[in-house]
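The values are calculated or read from the model by the stated rules, or taken from the named source; none is laboratory data. The structure presented is a predicted model; accordingly, all values stated were derived computationally and were not measured. Every residue, glycine among them, receives a Cβ derived from its backbone with ideal geometry; neighbour counts consider all protein chains shown. Just the protein is used for accessible areas: all its heavy atoms, side chains included, with ligands, DNA and RNA removed. Shrake-Rupley method; radii C 1.70, N 1.55, O 1.52, S 1.80 Å.
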Amino acid sequence: MKQLFDLTGKVAIITGGSRGLGLQMAEALGEMGAKLAITARKTDELAEAKSHLEKLGVEVLTVTNDLSKFDQIPGLVTKVLEHYGRIDILVNNAGATWGAPAEDYPFDAWMKVINLNVNGMFFLTQEVGKRAFIPQKSGKVIVTASIAGLRGNPPDMQTIAYNTSKGADVNFVRTLAAEWGRYNINVNAICPGFFPSKMASGIMEKLGDRIIAGTALGRVGGDEDLKGTVVLLASEAGRHITGQALAVDGGSMTF
């Protein structure tokens, strides 16, 4: 069992890996032996995350990158391949949200959310697939989706672009898993419920008590609650799991 979960020698890219859920998953993969490449838009946050991870004994490459600028994606992959020589795991975690009533949702806000959560995620996966996973006949693609991609919202949440994008992410993994299974590539989504994070802070402030009351375990996600899931899907322990969207939400009963 220890060998099945061991990631020693594997190379993992984690987008949005400088804080929040991305950093939690980076910790988990690094603690199991993976070498990391974490990306984000802010160089200072990446440097802070790198220092934190290196104190845990993890080897880390940082790449400042904006995934909504699609022309930067090949360069990101090139940097990782030049540094490590291979890529084994891709965690598509970077994401954005925006709150507004559907009838008044701004065009720019819609495009920002869809471009990062769907388009950038796809183009990066495509690039890693062509240049690493397909040639080596192995790879693990993990997408941070959301329970928002599995169902609707209470009417006062008003995050239609986010929910739409996460629903697209869920069907993306189902479809790509079928296409790339012949290359021994696993493609899965993690669907977190509510975790304290910068992106979720507004919703938690507004609806936090209601969310907790509607959760079977009576709490929101914590600092280690995604670690087991991401290691399972990134390791040989999860080699027969593909095309799945796994909810990690404490048993949300709200929606």
Cross-link partners of K69 among aspartates and glutamates (Cα-Cα below 17 Å; sequence separation of 8 or more within a chain): D108, E127
The chain: calculated mean residue ellipticity at 222 nm from DSSP helix runs of at least 4, using -39500 (n - 2.57): -12000 deg cm²/dmol
At 0.36 nm per residue, and after removing the present C-alpha to C-alpha distance, how many nm does the segment from K42 to D209 gain when stretched out fully? 56.9 nm
For the range 129-251, what class follows from the C-alpha gyration tensor (a ≥ b ≥ c being the square roots of its eigenvalues): rounded when a/c is under 1.5, otherwise prolate if a/b is larger than b/c, else oblate? prolate
When the accessible area of the chain is split by element with a 1.4 Å probe, what percent falls to carbon and sulfur? 53
Could you list, in their original order, any pairs among K2/K130; K166/K227; K55/K227; K55/K112 whose Cα atoms are separated by more than 29 Å? K2/K130; K55/K112
Residues listed by number, the range 117-143, amide nitrogen under 17 Å from I241 label point at 7 Å toward C-beta: 139-143
Shape of the range 85-166 from its Cα gyration tensor (a ≥ b ≥ c, root eigenvalues): rounded if a/c is under 1.5, otherwise prolate when a/b > b/c, or oblate? prolate
Among 84-90, 103-109, 214-220, how do they line up by average Cβ neighbours within 10 Å per residue, starting with the highest? 84-90, 214-220, 103-109
Arranged from highest to lowest average of other beta-carbon atoms within 10 Å per residue, in what order do the peptides 133-145, 70-82 appear? 133-145, 70-82
C-alpha center-to-center spacing [the range 70-85, the range 118-171] in angstrom: 20
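Can you give the accessible area per residue of the chain, in Å², using a 1.4 Å probe? Intermediate results must be reported in sequence, preceding the final value.
On the way: 11840 Å² over 255 residues.
With the other protein chains kept in place, the chain gives 46 Å² per residue.
Given charges of +1 on the Cβ of Lys and Arg and -1 on the Cβ of Asp and Glu, with all other atoms neutral, how large is the dipole of the chain about its Cα centre, in debye to the nearest 20? Show your work: numbers first, answer last.
Numbers: 26 positive and 26 negative charges, 133 e Å.
For this selection, approximately 640 debye.
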Simple Cβ-charge dipole of the range 47-146, Lys/Arg +1 and Asp/Glu -1, about Cα centre, in debye nearest 20: 480
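Excluding P74 itself, calculate the net charge of residues whose Cβ lies under 14 Å from the Cβ of P74, where each Lys or Arg counts +1 and each Asp or Glu counts -1. Let's see the in-between values first.
On the way: positive: K69, K79, K130, R131; negative: D66, D71, E82, E127.
Net local charge, P74 excluded: 0.
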Proximal aspartates and glutamates to K42, defined as alpha-carbon separation beneath 20 angstrom and excluding residues fewer than eight positions away on the same chain: E27, E54, E59, D66, D71
